[in-house]
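All of the numbers you see were taken from the coordinates with simple rules; none came from a lab. Being a predicted model, the structure only gives us computed values, none of them experimental. In this analysis, Cβ positions are derived from the backbone assuming ideal geometry, glycine residues included, and neighbour counts consider all displayed protein chains.
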Amino acid sequence: MNYLKTILAQMEDLTGIKDIFGASEEIASMKMRGIRNKVLLSRDMNDELTEIYREVVTSYKNQLILLTQEKGGKTIHNGKNSESITLKTGNGKLACVYLSANSGLFSNILEKTFDEFSTYLDQHKESDPIVIGEFGKTLFMNRYPGRVFLFYPLAEGKSNEDSLKKVTQDLTSYSNVIIYYARFETMAHQTATILDVSGEEKTTSQTLVPTAHYLFEPSLEKIIAFFESEIFAGIIQQTVTESELAQYASRITTLDMARGNIDRQLKAINLQKRFATHRLMNKKQTEALTGISLWKIR
């Protein structure tokens, strides 16, 4: 009897957990539907803006190299010397950003992204690590105990834009910004992605930047200022939204798998319940027959 009670208690607990997972999955699905179309529509524009900026960087460097050579200055080759030429103004430092979340239940996409982030940090000791989100803070402190880093809490909902203003303002002070985040591909597939916001990190680009000749109007300085104020903020906002979409998709997949596991456990426990019920019935029948036999003997 006690064994049957234990089985019934397990079934009740699993059913309650399944209901919680189902509610969480529905909430994540509603949030994902709310931002999916916005992300997919603005993704192409964001990629084009980043590509244009890289083209401008390449064009600016090439023009500066030609101008220097024409004036009889020191020859600059497309190698070590040209790497020191930068278009974006700033403090001369490199910021390496890990964009995470405030909680878990996102499959392992956040851990994969953090591993990529950590690899880059280990290869670029001079970079300033920046972590956004409580989940990333925990991962970073466990991986790098005692290391100094900048942390920004990530608010959810409408207050997200307000919390990102401080992040954007601080990142604009850096000459180069690298962001690691989760990118939405499909419901079942999200990828750890690296974004070179400033277009300076050559190692992050898998494709060759096309060479284009630009006429900077009204001036290169004003173009830089516009990029750092408007376009830069837009790219940061788009990246955060991309990461949220990937996280929600990953959470839905994880919760769906968890519910499937619970269903399998419930089937197994239900089978145990049937066996226990049959054993209990057999025990009662045996006791009843034993009582009848003793009564006949008397």
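Under 13 Å from a label point 7 Å along Cα→Cβ of MET257: give me every residue in the stretch 108-140 with its amide N that close. Under 13 Å, as judged by backbone N against the label point of MET257, lie 108-112 of the stretch 108-140. Placing a pseudo-label 7 Å from each Cα along the Cα-to-Cβ vector at ILE17 and ARG279 gives an inter-label distance of 2.3 nm. When each of the peptides 94-101, 5-12, 166-173 is scored by how many other beta carbons lie within 10 Å of its residues on average, the order from highest to lowest is 94-101, 166-173, 5-12.
Applying a threshold of 24 Å to the alpha-carbon distances of LYS38/LYS93; LYS112/LYS267; LYS18/LYS137; LYS38/LYS137; LYS125/LYS222; LYS165/LYS222 flags LYS38/LYS93; LYS112/LYS267; LYS18/LYS137; LYS38/LYS137; LYS125/LYS222 as lying beyond it. Treating r as the C-beta distance of TYR144 and GLN272 and R0 as 45 Å, the FRET efficiency rounds to 0.45.
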